[in-house]
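Notes for the one structure printed next.
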Amino acid sequence: MEQREMRRHFSALGMAYFVYVAVSLAVQFVILLLLQLLGTDVSALGSTASMAVSVAAMYLAAFPVCLALLRRIPSSPLPREEREPMSFWSLLLCLVVCIGVMEAGNLIGNGLMGITSLFLDRQIDNTVVDMVLAGELIPVILFAAILAPIFEELLFRKLLIDRIRVFGDRTCILVSGVMFGLIHGNFYQFFYACGLGMVFAYVYLRTGRVRNTIGLHMAINSLGGVVGTVLLRWFYSAAPGNVLSADFILPLLALGLYVFALMASAIAGVVLLICLWSRRRLERGIFEIPASRRFQTAFLNVGMLLFFLICTVQFGLSLSS
């Protein structure tokens, strides 16, 4: 395959994901406009309603359109005979590594946003965390711990990697991770989402089964978005009048144990990643892209640049909120 053909291939992919984001934003705008015309105060919508609008726009409207565009692009999934089985314990080790990558990315994102807040002389809110903390528990579980992992893994692992596997594992991991980070649309999530996307991509490349990455993704989102939310709400609802009362001590201990377990797992995950790094196996593709041309081939084309542009708009909006 010639360089020009490769760039056209990536451009078609980028265009599909650009359309996904564009349709999602457009549908959200239309829904909010209709609600406003019906007399609803859009600014007063609760977190649960806001999540419902986002999910409807992304998964009911934008996903089918993106899927239709992606089906026009040739796919080459990993053959069944080359798929490696992954045991429960291997998945558990992967989960620990994911926690380490997630917390490292969190530190970078929160640090960058802290510096940016000082530079702009105002606090930049993490709107996703605020929405999850303020939302009702059942919708948070449905949206964050079930629907998001399923659709995101289909989009950024199964559908994407199957169409670029012929270019080599390194290209797949790079493209899947960067695009997954960008789609989140804010710097708080970009770094850990990019890192997790790369780990998920590696797992999918070796096993060929998206259910493995969906399971890992569900576990990660559940730990942060569900368990953490439940414990924080329990702690904040505790009566602070008597710090020696069971109403205060129990949620404090539970939250402390959760944070300790999370930090211990994060340290273990980073250590595991370092120890296992030399044992990684990256396959060359049929049309392997040399390292010197990998970035320009995959990203410097019309479709991908449009995807970057619309994601940049989302990043800008997140900074202005």
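The values are calculated or read from the model by the stated rules, or taken from the named source; none is laboratory data. Here the structure is a predicted model, which means the values were calculated and not measured. Note that each Cβ is placed from the backbone with ideal geometry, even for glycine, and that neighbours are counted across all protein chains shown. Ligands, DNA and RNA are excluded from the accessible area calculation, which covers all protein heavy atoms including side chains. Shrake-Rupley method; radii C 1.70, N 1.55, O 1.52, S 1.80 Å.
Every test in (1) within 26 Å of ALA201 (Cβ to Cβ); (2) without any contact (Cβ under 8 Å) to a residue 40 or more places away in the chain; (3) loosely packed, with under 15 Cβ neighbours inside 10 Å is passed by SER90 save one, and that test is (3). Candidates in segment 70-106 are the residues that are in a helix (DSSP H, G or I) and farther than 20 Å from ALA219 by Cα; of these, the one that is modelled with the highest pLDDT is LEU70.
Please verify whether segment 164-180 includes one or more residues that are surrounded by 23 or more Cβ atoms within 10 Å (Cβ to Cβ), under 23 Å from SER265 (Cα atoms) and out of contact with any Ser or Thr (no Cβ under 8 Å at 6 or more places or on another chain). No, every residue in segment 164-180 fails to be surrounded by 23 or more Cβ atoms within 10 Å (Cβ to Cβ), under 23 Å from SER265 (Cα atoms) and out of contact with any Ser or Thr (no Cβ under 8 Å at 6 or more places or on another chain).
The test for being surrounded by 17 or more Cβ atoms within 10 Å (Cβ to Cβ), over 29 Å from PRO77 (Cα atoms) and free of Cβ contacts under 8 Å to residues at least 60 places away in the same chain does not hold for LEU223. Whenever a residue of segment 103-127 is open to solvent by less than 40 Å² (accessible area, probe 1.4 Å), its partners that are not in a helix (DSSP H, G or I), lying with C-beta atoms within less than 8 angstrom and at least six residues away or across chains, give the pairs MET113/ILE124; MET113/ASN126; THR116/ILE124; SER117/GLN123; SER117/ILE124; ILE124/SER321; ASN126/ASN186. Checked against the criterion of being among the hydrophobic types (A, V, I, L, M, F, W, C) and open to solvent by 30 Å² or more (accessible area, probe 1.4 Å), the candidates MET1, MET6, MET51 yield just one match: MET1.
So, ILE73, is that one open to solvent by less than 30 Å² (accessible area, probe 1.4 Å), within 20 Å of PHE167 (Cα to Cα), touching a helix residue (DSSP H, G or I) at 6+ places or on another chain (Cβ under 6 Å) and among the hydrophobic types (A, V, I, L, M, F, W, C) or not? So ILE73 passes the test. Just need a number here: residues in segment 293-307 that are open to solvent by less than 40 Å² (accessible area, probe 1.4 Å), under 10 Å from ARG7 (Cβ atoms) and part of a helix (DSSP H, G or I). Result for segment 293-307: 5. Beta carbons closer than 7 Å, at least 6 apart along the sequence or on distinct chains, pair a first residue in segment 144-169 that is under 17 Å from ARG284 (Cβ atoms) with a second that is aromatic (Phe, Trp, Tyr) for ILE161/TYR204; VAL166/PHE287; PHE167/PHE287. Scanning segment 54-66 for residues that are open to solvent by 40 Å² or more (accessible area, probe 1.4 Å) and either touching a residue at least 60 places away in the same chain (Cβ under 8 Å) or of a type in the set (S, T, N, Q) (or both) returns a single hit, MET58. Sub-8 Å Cβ pairs linking a first residue in segment 29-48 that is under 24 Å from ILE138 (Cβ atoms) and assigned to a helix (DSSP H, G or I) to a second residue that is polar (S, T, N, Q) and open to solvent by 50 Å² or more (accessible area, probe 1.4 Å), at least 6 apart or interchain, are VAL42/GLN36, ordered by first then second residue. Summed over segment 308-321, the residues that are open to solvent by less than 40 Å² (accessible area, probe 1.4 Å) and free of Cβ contacts under 8 Å to residues at least 60 places away in the same chain give a count of 1.
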